[in-house]
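The values are calculated or read from the model by the stated rules, or taken from the named source; none is laboratory data. Small disclaimer: the values here were computed from a predicted structure and weren't measured. Cβ placement follows ideal geometry from the backbone for every residue including glycine, while neighbour counts extend to all protein chains displayed.
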Amino acid sequence: MAEKLKDTTVPNPPTADLLATVGLKPEEYAEACRKLGRLPNIVEMGIIGAMWSEHCCYKSSKIHLKTFPVTGKRVLQGPGEQAGVLDLGNDYALVFKIESHNHPSAVEPFQGAATGVGGIIRDIFAMGARPLALLDSLRFGNTYPVEAVGNPEADKAVDEQPQEAADGSGDKLNIPWGDSPVPFVCTVSWMTTMRQQLFERGPEARAAVKAIREMHTGDVHVLAYCVLPDQIQLALYLENGREEEAEAAVAALKEKLAEVVAPQTQGKPPWDSFVMLHPRHSGSELMEAIHLLEFAPVTRQKVAQVSDYKYVSQVWRYGVPWLDDETDNTEARELPYCAGVNDKQAARSRYLVNGVVEGIAHYGNCIGIPTIGGELVFDPSYTSNCLVNAMCVGVVRKDRIHKARADGPGNVAMIVGARTGRDGVQGATFSSVELAEDVAESRPAVQVGDPFMEKLLLEATLEILDMPGLVGIQDFGAAGLTCSSVEMTAKSGTGMRLDLDAVPQRAKDLSAYEMMLSESQERMMIIVEKGSEDSFREVFSRWGLTAVDCGEIIGEQRIEVLHDGAVVANLPNRPLADEGPEYDRPHEAPASWKNRHLLDDRDIAAALERINKLPVATELAGHSLPAPGSDFEDILRRLLMHPSVADKWPVYQRYDWSVRTNTLLGPQGSDAAVIRIKETGQGVAMCTDGNGRAVSLDPRIGAAQCVLEAARNIVASGAEPLGITNNLNFGNPEKPDRMWQFVESIGGIGDALRKLDLPVTGGNVSLYNESGGRGILPTPVIGMVGLLEKAEQAIPSRCTDSGLELFVLGTHHARLDASLLMYDIARLRSGMLEEPDYKQFISCMNFILHAAGEGAIRACHDVSDGGLLVALVEMLAGAQVDVAPLLAEGYDMGDHNRLATLFAEDGNRWLLAVGPERKSWIRTAALHYQVPLTPLGRSVDGRLTVSGGDEEWFGCDWDVLETCRRYGLQAALSGD
C-alpha cells in the first residue's frame with residue numbers, strides 16, 4: 001500500500017505487485033520509460049499511474065466519447081472543464097455535472113457517498129457558480145433474499161466461453177443460398193421512410209404510398225408484410241437523392257425476385273410457409289417488422305394466412321429465412337441467468353443503502369444545498385458493486401465564469417482549504433480496477449469529508465471571483481495535487497514547480513508519494529498573479545481557512561516536485577495529461593444477444609406461472625393487506641411495493657430539499673425537480689435517469705431510451721430540455737462483451753441526442769464495476785436540465801383532485817420486454833426493444849410545452865416503471881378508466897395483450913390530468929400538433945376501476961394500493 005512506498009528508488013524491472021500498486025500495466029510502464037527516456041522513480045510512477053488511470057485519462061473510453069455531440073447554441077463550455085455551462089438567454093448561465101463515487105461507497109458507504117457529494121459541489125463552484133441543487137442516482141443489490149434463476153454459464157463474458165457457429169437455417173430450406181441471403185424489403189422500410197417524409201420524392205414513391213394503403217384496407221396475404229410492390233424498394237435508396245440510381249437498384253431486385261422465388265417455394269404457393277426479411281435492415285427495423293407480423297392477426301383481423309406467425313421470432317434469432325412446418329414451438333427456452341441474493345448479501349445491501357443515504361444527507365444538509373431529486377433502483381447485479389452518482393447544478397453570471405488555467409510564468413500556485421492527510425491516497429487507481437473480494441482492505445483509499453469546511457471553502461471561493469489577480473481555479477479531485485497541477489498547466493501550455501514542504505499537513509511524516517496522490521477533501525488550487533498572494537490569503541484567513549504558496553508557474557511544460565529540498569519528480573506534463581494510453585478495445589456481442597427474441601405467449605405464460613407461485617403479502621411494514629381480488633390487482637400491488645417503484649420517502653425525509661427556498665417542485669412533486677432562479681424569474685428542471693434493464697437487453701436502443709426517459713421527465717414538468725451530463729457505469733472493459741455494451745450505449749445516447757438536438761456538456765465514466773467475474777447491468781445515467789422561462793408554469797406530477805379528465809399522450813407497441821413486471825417481478829430477463837419514434841416525441845413535447853404555457857394541464861406524469869396503472873396510482877387519489885380506446889381493432893383479450901396494455905413501459909407516453917373546462921381545448925391542441933391523445937377516464941376518490949369497453953377488468957380500493965406504494969421501500973429496507 002501507499003504508506004510503504006516512501007523510498008523513491010524502484011527495482012529494475014519493477015515487480016508485478018509494485019506495478020499493480022501504482023496502477024500501471026507492464027506495457028504502460030514500458031511506454032512511460034520510452035517517453036521519459038529513463039526509468040521513473042517511485043514518486044513519478046505514482047504520478048504516471050494516477051494520470052494514466054481509467055479514472056483520469058479515460059483510456060478505454062475516450063476514443064468512443066469523441067462521437068458525442070458537444071456543441072449547440074446554448075453551450076458556453078462543453079467537455080474538458082470541471083463542469084458544463086449552458087446559456088440561459090440572459091446574463092446568467094447554468095453550470096452542471098454528474099460524477100460517480102461507486103468504489104469508495106461500496107467500501108465505506110457513508111464517507112464514500114459524502115465525499116462524492118463534496119467533490120461534485122466543488123466542481124460547480126470552481127467554475128464560479130453558486131451551487132443550487134443536488135440530485136443522486138443510486139443503485140444497490142436486493143435488500144431481501146431472492147433465488148437465482150437460469151444457467152449461470154450463459155452469462156459469462158464472450159472471451160470466457162467458446163462461440164458456436166450460427167445455425168444455417170437456409171440448409172433446412174434446401175435452397176442454394178450464396179454467401180448471404182438474397183436481399184428483400186419488408187414493410188418496415190416503408191414505415192421508416194414515411195416517418196422521414198422521403199416518399200414525397202418522385203412518382204414512383206407516390207405510387208408506392210398508394211399501393212401500400214390499398215394493401216392495408218383489404219384482406220392481405222402475408223407476402224404483403226414481407227415483400228412490397230416494386231416501388232417500395234425505392235425506400236432504401238431515396239436518401240441518395242438520385243432517382244436513376246433507385247431505378248437501377250429496383251431493376252436489380254426484380255431480377256433477384258425472379259431467380260429466387262421459384263426454387264424457394266419448392267412447388268408451394270409463394271411465401272406460404274416462411275418469412276424473409278432484408279439483411280440490410282438495422283435491428284430497430286427488424287424489430288418493428290416482427291411486431292407487425294406478430295400482431296397483425298389480432299389487431300387487424302385481415303391477414304389471410306396466419307400459419308407463418310409462429311416462426312416470426314426465428315427470423316430475428318437466426319437472421320435467415322426459416323421453414324419447418326413441424327417445428328416444436330412448445331419446447332421450453334433456457335432462461336437467461338438472473339443472480340440470486342442470500343441473507344448475508346441482502347443485509348450488506350441494507351447497510352450500504354443506509355450508509356450512502358446518510359452520507360448524502362449529512363453533507364448536503366450541513367453545507368446548505370438541497371437534495372431535490374434522483375432515483376433509487378435495486379437489482380441483484382449491484383450486490384457487490386453499488387452505484388452512487390451525484391449531480392450538482394449551479395448558476396453563475398456569465399462574466400464570472402472561471403476555468404482551470406495556470407497561465408503566466410512567474411505566477412503563484414496556492415493550496416487553499418483543508419490540510420493534507422493520507423486519506424484517499426491512490427483513490428484514482430483504486431477506482432480503475434475491480435473491487436477486491438475483501439473490501440475492507442481498500443478503506444485507506446476512501447476519502448473523509450467535512451461539509452462544514454466545504455461550506456467555508458465555498459463562500460471564500462465565491463468571494464475571490466471578482467478580485468484582481470485571479471488566474472484560475474481547480475478542485476482537488478481524483479489524484480489530488482497531481483491531477484490539479486498537471487491538468488491546469490497542460491491546458492495553459494505552461495509548467496509548475498511544486499514545493500511539498502509548503503503543503504499544510506494533518507498527518508505526520510507524509511512522503512512525497514502520499515502528498516502528491518492524497519485525495520484529502522475540501523482542498524483547491526488557485527493560480528494568482530505574483531504579488532497578489534496576500535490579498536487572497538487574507539480572504540481565506542477570514543473564513544478560517546489556510547491558503548499557502550505551494551509552487552510557481554514556469555515556462556517549461558514540466559511538473560517539477562521538490563521535497564526536503566531535493567527534486568523527487570520531474571516529468572513532462574503533456575504526456576501525463578494528453579498523451580496517455582488510448583485503447584480501442586475488442587468488443588463483441590454476447591451469445592445472449594445473438595439468441596434473443598421478442599417475448600411471446602410462451603414467455604408470458606411462464607412468467608405468470610412464476611408470479612402465481614410467489615407468496616402474497618398480507619402485511620407490509622405493520623400495515624395489514626387484504627387478499628387481492630384479481631390477478632391484475634395482485635400484479636399491480638407487487639409493482640407498487642417493489643422498492644424501485646415504491647415511494648422514496650424513507651430516503652427523501654433525510655434530505656433537506658427546501659433549504660434556500662428556491663425549490664418549486666421537490667423529490668415527490670414532479671417527474672423532474674424544479675428550482676427557481678430568483679435573479680431572472682426562470683425555472684430550471686433537472687433529473688437523473690437510467691434503465692439498466694433496457695440497456696442489458698439492447699445497449700443501443702436502451703441507452704437511447706434513457707435519454708428519452710430523462711427528456712420525458714423534463715417535459716412533464718413543463719420545461720424544455722437543454723442538455724445533458726452523463727455517468728456511464730459499466731463492467732470490466734477488458735472483456736469484449738462488457739466493452740460492446742459500452743460502445744453500443746454510447747452510440748445510442750449519441751443517436752438520441754442528435755435527434756433531439758441536445759448536447760453533452762461533460763460527465764464521467766465509471767468502469768470495472770464488477771466482482772467475481774460478474775458485472776453490473778450496463779447503467780448509463782443521464783443527468784438532464786431544462787428551462788422554464790416562467791418558473792410559475794411548472795407542472796406537478798401529482799394531483800389528488802377528483803373530476804379531472806385523464807388522457808394518455810403518445811403511443812406504444814404494447815410490449816412487455818424489459819418491463820419491471822417481466823424483468824424484476826417474473827425475473828424473465830429476455831426480450832427485445834422497439835426503436836424510439838423521435839418525430840412523435842418532438843411533436844408531443846411541443847404540445848405539452850404549449851399546453852403548459854396556457855395553464856391547461858393540472859398534472860403530467862410520464863409512463864415508465866410499472867406502466868400505465870402504476871403511473872395512475874403515483875399521480876392520483878383514485879381513478880375510473882376505460883382502456884378500450886387504447887386497444888386496436890380486433891383486440892385479443894389474452895393475457896399477453898391485457899398485461900401489455902396495463903403494465904408495458906415501451907414507447908413515449910405521458911399521463912395528463914386536465915380540468916373539465918379545458919377538455920375541448922386540449923383535444924383541439926392535440927389535433928393542431930398532430931399528436932395521439934387518447935381519453936382514458938377521470939379521477940375519482942378512493943378507488944381504481946379498470947374496464948375495457950363494456951367489460952370491467954378489475955377494481956380495488958385505493959387505500960390498499962397507496963399502502964403498497966407508501967410502505968414498499970420501508971419494508972424492503974427493514975428486510976421484510
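Of the residues making up region 468-489, those that are at negative phi and touching an Asp or Glu at 6+ places or on another chain (Cβ under 6 Å) are Val471, Asp475. Residues that are part of a strand (DSSP E or B) and surrounded by fewer than 24 Cβ atoms within 10 Å (Cβ to Cβ) occur in region 772-780; there is at least one. Assessment of region 140-147 against the conditions (at pLDDT 95 or above, charged (D, E, K, R) and assigned to a loop (DSSP other than H, G, I, E, B)) yields no matching residue. Just wondering, is there one or more residues in region 914-934 that are surrounded by fewer than 20 Cβ atoms within 10 Å (Cβ to Cβ), touching a His at 6+ places or on another chain (Cβ under 7 Å) and either of a type outside the set (A, V, I, L, M, F, W, C) or assigned by TED's automatic domain parsing to the domain that holds Ala606 (or both)? Yes, there is a match, as at least one residue in region 914-934 is surrounded by fewer than 20 Cβ atoms within 10 Å (Cβ to Cβ), touching a His at 6+ places or on another chain (Cβ under 7 Å) and either of a type outside the set (A, V, I, L, M, F, W, C) or assigned by TED's automatic domain parsing to the domain that holds Ala606 (or both). Looking at region 903-956, which of its residues are more than 18 Å from Asp837 (Cα to Cα) and among the acidic types (Asp, Glu)? Result: Glu917, Asp941, Asp950, Glu951, Glu952. Would you please name the residue that is nearest to Arg130 (Cα to Cα), looking only at residues in region 651-663 that are in contact with a helix residue (DSSP H, G or I) (Cβ under 6 Å, 6 or more places away or on another chain) and outside any helix (DSSP H, G or I)? Applying the filter and picking the extreme gives Asp656. If you filter region 815-851 down to residues that are under 12 Å from Ile604 (Cβ atoms) and of a type in the set (Gly, Ala, Ser), you find that the one that is nearest to the chain's Cα centre (by Cα) is Ser819. Any residue that is over 21 Å from Asp689 (Cβ atoms), surrounded by 24 or more Cβ atoms within 10 Å (Cβ to Cβ) and among the polar types (S, T, N, Q) - is there at least one of those in region 115-137? Yes, region 115-137 has at least one match. Of the residues making up region 917-962, those that are closer than 16 Å to Thr800 by Cβ and assigned to a helix (DSSP H, G or I) number 4. For the residues Gly78, Gly84, the requirement of being crowded, with 21+ Cβ neighbours inside 10 Å and closer than 22 Å to Arg754 by Cα singles out Gly84. Using the structure shown, decide if Val616 is in contact (Cβ under 8 Å) with a residue 40 or more places away in the chain, out of contact with any strand residue (DSSP E or B) (no Cβ under 7 Å at 6 or more places or on another chain), under 25 Å from Arg898 (Cα atoms) and not in a strand (DSSP E or B). When the stated conditions are applied, Val616 does not pass them. Scan Ser843, Ser864, Ser939, Ser920 and give me the residue that is at pLDDT 95 or above, polar (S, T, N, Q) and within 21 Å of His642 (Cα to Cα). Only one candidate passes the filter, namely Ser864. For region 678-710, give me each residue that is farther than 16 Å from Glu835 by Cα and either more than 10 Å from the chain's Cα centre (by Cα) or assigned to a strand (DSSP E or B) (or both). Correct list: Lys678, Glu679, Thr680, Gly681, Gln682, Gly683, Val684, Ala685, Met686, Cys687, Thr688, Asp689. Taken together, Phe841, Phe847, Phe742 contain a single residue that is assigned to a helix (DSSP H, G or I) and within 23 Å of Ala390 (Cα to Cα), which is Phe742. Note on region 660-687: among residues that are touching a Cys at 6+ places or on another chain (Cβ under 9 Å) and modelled with pLDDT of 95 or more, the one that is surrounded by the most Cβ atoms within 10 Å (Cβ to Cβ) is Ala672. Of all residues assigned to region 565-579, none qualifies as being under 32 Å from the mean Cα position of the chain (by Cα) and farther than 30 Å from Leu36 by Cβ. In region 760-790, the qualifying residues are those that are under 15 Å from the mean Cα position of the chain (by Cα) and of a type in the set (Gly, Ala, Ser), and the one that is nearest to Glu99 (Cα to Cα) is Gly763. Taking the criterion of being within 19 Å of Asp584 (Cβ to Cβ) and of a type in the set (Val, Ile, Thr), the residues of region 51-87 that qualify are Ile63, Thr67. Here Asp941 fits the description: assigned by TED's automatic domain parsing to the domain that holds His861, charged (D, E, K, R) and loosely packed, with under 15 Cβ neighbours inside 10 Å. Of the residues examined, Trp953 is not one that is under 22 Å from Ser670 (Cβ atoms) and aromatic (Phe, Trp, Tyr). Filtering region 873-889 to residues that are modelled with pLDDT under 90, touching a helix residue (DSSP H, G or I) at 6+ places or on another chain (Cβ under 9 Å) and either not acidic (Asp, Glu) or not in a loop (DSSP other than H, G, I, E, B) (or both) leaves Leu886, Leu887, Ala888. Residue count for region 361-387 under the criterion of being touching a Pro at 6+ places or on another chain (Cβ under 8 Å) and under 15 Å from Ser766 (Cβ atoms): the result is 1.
For first residues located in region 864-886 and of a type in the set (Gly, Ala, Ser), partners that are surrounded by fewer than 22 Cβ atoms within 10 Å (Cβ to Cβ) and assigned to a loop (DSSP other than H, G, I, E, B) and lie 6+ apart or on another chain with Cβ distances below 7 Å form the pairs Ala877/Thr800; Ala877/Asp941; Gly878/Ser802; Gly878/Val940; Gly878/Asp941; Gly878/Gly942; Ala879/Val940; Ala884/Gly949. Residues being closer than 22 Å to Ser717 by Cα, surrounded by fewer than 23 Cβ atoms within 10 Å (Cβ to Cβ) and touching a residue at least 40 places away in the same chain (Cβ under 8 Å) are represented in region 814-837 by at least one member. Out of contact with any Phe, Trp or Tyr (no Cβ under 9 Å at 6 or more places or on another chain), farther than 20 Å from Ser864 by Cβ and surrounded by fewer than 18 Cβ atoms within 10 Å (Cβ to Cβ): does that describe Asp957? It is true that Asp957 is out of contact with any Phe, Trp or Tyr (no Cβ under 9 Å at 6 or more places or on another chain), farther than 20 Å from Ser864 by Cβ and surrounded by fewer than 18 Cβ atoms within 10 Å (Cβ to Cβ). Here is the figure for region 471-503: residues that are modelled with pLDDT of 95 or more and assigned to a loop (DSSP other than H, G, I, E, B) total 3.
Restricting to region 22-63, give me the number of residues that are assigned to a helix (DSSP H, G or I), aliphatic (A, V, I, L, M) and in contact with a Gly (Cβ under 6 Å, 6 or more places away or on another chain).
1
A single member of Gly622, Gly629, Gly690 is farther than 26 Å from Arg909 by Cα, touching a Cys at 6+ places or on another chain (Cβ under 7 Å) and not basic (Lys, Arg), and it is Gly629.
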